[in-house]
Amino acid sequence: MYIGHVGAALAAKRVRRSIGLLVLLVATYAPDWADTDLCLAGAYNPDGMLSHSIPAVLLLALVGFAAYGAVTRDWTGALVIAAVILSHMFLDWITGYKPTWPGGPMIGLRLYGHPVLDFVAEGIVIFVGAILYGRTLPPRRRPWVDISIMVGALLALQLTIDIAHMLMKSLPKC
Ligand SMILES: [Zn+2]
C-alpha cells in the first residue's frame, strides 16, 4: 500500500490525540523506512524479508513501542504507535505480496497488478482515516473544508502512483 498508510496514521490520531501527526506518519511507514535504510546501506532485499515479514514488522513495532514509551512515558500512546506499525503489514497484504517468515510462503492480494482496485482500496483507507481525523479537530474552523482538501491531495497522489503502475509493470523501490 502506498498513500493508504496515511489513513492509518490519521485514524490513530482519533484513538490518541496527544500523539503528534508527524510521529504517526513515521510509524505508519516504518517498514518502508526500513527498506530505505537497507537501500542506503546497500543491503536492499527485494522480497522485503528484512522489512515486511511478520518477525521484521513485530520487531519494528517493539522498537516503536519502546522508543515512544521511553521518550513520552505515555505507554498507551506507545501501544497505539505499535498498532500503527503493525497496520502497515496488514494493509500491505491487501495490495502487495509480502513474505511471512524465512522459508515461509508469500501472501497478499497483489492489487498493484490491478491499479483501479488498488486505488479503490487505498482510497477507502484514506477516506475512513480522514473522517476519523476530522472529528479530532475543533468544529469552529470548518475543518471539513480542510479535510476535503487533504483527502483530495492524498487521492491525487495515490492516483499518480496507480497511473505509474499502469504505465510501468513495477516501480523501482531502491
Ligand atoms: Zn510497505
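How many residues does the stretch 127-144 hold that are in a helix (DSSP H, G or I) and modelled with pLDDT of 90 or more?
Of the residues in that region, 8 qualify.
One line per residue, one yes/no per condition, for (1) more than 16 Å from the ligand (Cβ to nearest atom); (2) surrounded by fewer than 21 Cβ atoms within 10 Å (Cβ to Cβ); (3) not aliphatic (A, V, I, L, M):
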site: Ala12; (1), (2), (3): yes, no, no
site: Arg16; (1), (2), (3): yes, yes, yes
site: Thr28; (1), (2), (3): no, no, yes
site: Leu38; (1), (2), (3): no, yes, no
site: Leu58; (1), (2), (3): no, yes, no
site: Phe65; (1), (2), (3): yes, yes, yes
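Restricting the first residue to the stretch 11-40 and requiring it to be modelled with pLDDT under 95, which pairs with a second residue that is basic (Lys, Arg) meet a Cβ separation below 8 Å and a spacing of at least six or different chains?
Asp35/Lys173; Cys39/Lys173
Residue-by-condition table, conditions (1) part of a helix (DSSP H, G or I); (2) closer than 13 Å to Val128 by Cα; (3) not β-branched (Val, Ile, Thr):
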position	(1), (2), (3)
Tyr2	no, no, yes
Ala8	yes, yes, yes
Ala11	yes, yes, yes
Pro31	yes, no, yes
Asp35	yes, no, yes
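Identify, by number, the condition in (1) within 16 Å of the ligand (Cβ to nearest atom); (2) within 15 Å of His5 (Cβ to Cβ); (3) surrounded by 14 or more Cβ atoms within 10 Å (Cβ to Cβ); (4) at pLDDT 95 or above that Ile81 doesn't meet.
With (1) within 16 Å of the ligand (Cβ to nearest atom); (2) within 15 Å of His5 (Cβ to Cβ); (3) surrounded by 14 or more Cβ atoms within 10 Å (Cβ to Cβ); (4) at pLDDT 95 or above applied to Ile81, the lone miss is (1).
Could you check how many residues of the stretch 133-156 are surrounded by 15 or more Cβ atoms within 10 Å (Cβ to Cβ) and under 18 Å from the mean Cα position of the chain (by Cα)?
Looking only at that region, the number is 5.
Answer with yes or no whether Leu59 is out of contact with any helix residue (DSSP H, G or I) (no Cβ under 8 Å at 6 or more places or on another chain), under 24 Å from Gln158 (Cβ atoms) and not in a loop (DSSP other than H, G, I, E, B).
Against the criterion (out of contact with any helix residue (DSSP H, G or I) (no Cβ under 8 Å at 6 or more places or on another chain), under 24 Å from Gln158 (Cβ atoms) and not in a loop (DSSP other than H, G, I, E, B)), Leu59 does not qualify.
The values are calculated or read from the model by the stated rules, or taken from the named source; none is laboratory data. This is a predicted model, so every value here is computed, not measured. Heads up, the Cβs are rebuilt from the backbone with ideal geometry, glycines too, and the neighbour counts pull from every protein chain shown.
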